1. What does the structure give for A:211-218 when I average, per residue, the other chain Cβ atoms found within 10 Å of the residue Cβ?
2. Quickly rank A:176-182, C:1-7, C:154-160 as a protection proxy: mean count of other C-beta atoms within 10 Å, highest first.
3. Could you tell me the total accessible area buried at the A-B interface, probe 1.4 Å, in square angstrom to the nearest hundred?
4. Where the centroid of each part is defined by its Cα atoms, how far is the stretch A:136-194 from the stretch A:7-73 in Å?
5. Report, to the nearest whole %, how much of the accessible area of the stretch B:11-76 belongs to carbon and sulfur atoms, 1.4 Å probe, protein only.
6. Just to confirm my numbers, what's the Cα centroid distance between the stretch C:51-104 and the stretch C:1-20 in Å?
7. Among the trypsin sites (Lys or Arg not before Pro) in the stretch B:1-84, which ones are in a DSSP loop with at most 13 other Cβ atoms within 10 Å of the Cβ? Mind listing them?
8. Sorted by accessible area (1.4 Å probe), largest first, how do C:Leu218, A:Leu226 line up?
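The values are calculated or read from the model by the stated rules, or taken from the named source; none is laboratory data. A quick note: this is a predicted structure, and the numbers were derived from the prediction, not measured. With ideal geometry, Cβ positions are generated from the backbone for all residues, glycine too; neighbour counts draw on all protein chains shown. What goes into the accessible areas is simple: the full protein's heavy atoms, side chains included, and nothing from ligands, DNA or RNA. Shrake-Rupley method; radii C 1.70, N 1.55, O 1.52, S 1.80 Å.
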Amino acid sequence: MSEHSPYLLEARSLTRSFGRNVALSGLDLRLAPGHIVGLLGPNGSGKTTLMKLACGLIKPTAGEILIDGEKPGPESRSKVAYLPDTSYLNDNMRVSDIVEMYADFYADFDREAAFSLIRDLKVDEKARLSTLSKGTREKVQLVLVMSRRAKLYLLDEPIGGVDPAAREYIINTIIGNYHPESTVLISTHLIYDVEPVLDHVLFLKEGRIVMEGGVDELREQSGKSLDALFREVFRC
Amino acid sequence: MSWQFDSERPIYTQLVEELALRMVTGCYGPGSRLPSVRELAAEARVNPNTMQRAMAELEGRGLLRTERTSGRFVTDDLELLENEKRRLARVHVDNFLSRMAELGFTTEQALELAADKGVDNQ
Amino acid sequence: MLGKLLKYEFRATARLFLPIYAAIAILAGLMLLLRALPDDARGVSFLTFMVGLIYVVAAFGLVITTVVVLVSRFYKNLLGQEGYLMFTLPVTTGQNILAKLIPAMCWTIGSSLLCFLVVILQNFFSGGAPIRIPNGETAGFILLMLLALAAFILFCYMCMAIGQTFNEHKFLASVGAFIIIQLVLQILGVAGAFGLFKLGALANLSFSVDNIPGWSVLAGANVAMLAACAVFFLITRWLLDKKLNLA
């Protein structure tokens, strides 16, 4: 048994550099269960780096990151549902094969929920991924991730490259499948669309958190929407 | 009815207003069962915690009551609903009067204008 | 979890190999059939020649396919974008490597056997030499071959694991790593042998091969090959654990 941590994600002086380029610099962060957290920042601010560190794809240069009290590894990956910012599925596979594969590897995967969401998308289960449009493929990937009953969801730019209708679908899927014991971390630079869905935000700038807080508190204090606040913080 | 938010004010406040409005206008009738927090959050496309907070606030005012197993219900205390309706009306009236004051009308002049308008309509 | 990984890896590779295997098996059968026919007709001998030619080409194609698949599965499935899935599954990096190595070995062995299928079948049907029960030395030799195969595949994996640490031209870097490390190993090998020889001469020992029993040479080679496998595996695992650099 690992020591019990009240935080699903905890970072202490987390630093990661790539050569001379420092992507994250001394980040301290704690995420408790039951929140939808926005990780907001322009491109290159370290959002993807933080997500990759959280699922153990890369290792910290200094400091540490803990998932539910333990270092990222096979054990933590069974609790973390990660949606990368790329198309990461084998194009030759059929939609149903991929659903079965997820069901095979992740004990927390809700197979029925996944198939029902796929049907909602009007995607043919027997279709190979290579025959689907880019937007549909992104939705299928999101369905796979959100059909897990994970503790921590890491969604890297889930609404990045899709049209407004798809954005609506994606946001609905995230709320509809979120459950109160888990936490969702959504990275994006399109704040306007996700703002009402978030209850907590982190503004990331050049590898540091420059502002953090509850969405309504920030709106109350500044009298501005987060979108407007974001433009102010990141003004060039 | 659709859920619309203006961007400057906290979403929580706007949810409380919208839910209260729906209750006093009978969209959620007296004594009727409300959809679950998650359903409402999904419908309004807002954070479930924020929706939960808004409901708790309405519960605190007595407009909602929770029954442990069957969910949340709108109060069937008609007087309470009527009071809430008046409170909401009060907010609109105050807004109206302060706008009119900005335009240089006294309260009496403003009310007179409003009454004229009412007469015109009839 | 290794079992599940293997299941998906075999499934993904079988899609490529099974059709080729089937084609070669049919060609082999056809050849045996033609040989059984009386050889007087010109047409038959021409046909035998053609089928034989196609068989050789197919067998050659199989060998190439095996190498390409062995390299590309590792490169694409683990080091390409699919790596985002594979390295976030609840499995260890070691399991991910083994799940590529084991099918790669099986397919290589299968392909090699298929290349000799005609010879084997002919031998069987003509009631030729019965299959010999391998003695200890043959078994040791077969083991050495298998370990050498594993070492070679793991060496390829290691070179790709090195190549992927580069930000650009990852595949070129992998090939570069392959060539340079091979070169260094060759030089070290020659130098090591030469050094041993010198030492032996100094100590006035005679290093004649005759003095060393055959089994110990074989055992030594097996141990060395196993060590090579272990080293390549551990370096690959360390690189993929600590220095993974997915595009």
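1. Numbers: counts 0, 0, 0, 4, 7, 11, 2, 1.
What the average comes to for A:211-218 is 3.
2. Numbers: A:176-182: 16.6, C:1-7: 14.9, C:154-160: 23.7.
Highest-to-lowest ranking by the protection proxy: C:154-160, A:176-182, C:1-7.
3. On the way: alone 11610 and 8370 Å², together 18410 Å².
Result for this pair: about 1600 Å² buried.
4. 19 Å
5. On the way: 1390 of 2900 Å².
Ligands and nucleic acids excluded, carbon and sulfur give 48 percent.
6. 9 Å
7. Details: sites: B:Arg22, B:Arg33, B:Arg38, B:Arg45, B:Arg53, B:Arg61, B:Arg65, B:Arg68, B:Arg72; in loops: B:Arg45, B:Arg61, B:Arg68.
Answer by residue number: B:Arg68.
8. Most to least solvent-accessible, the answer reads C:Leu218, A:Leu226.
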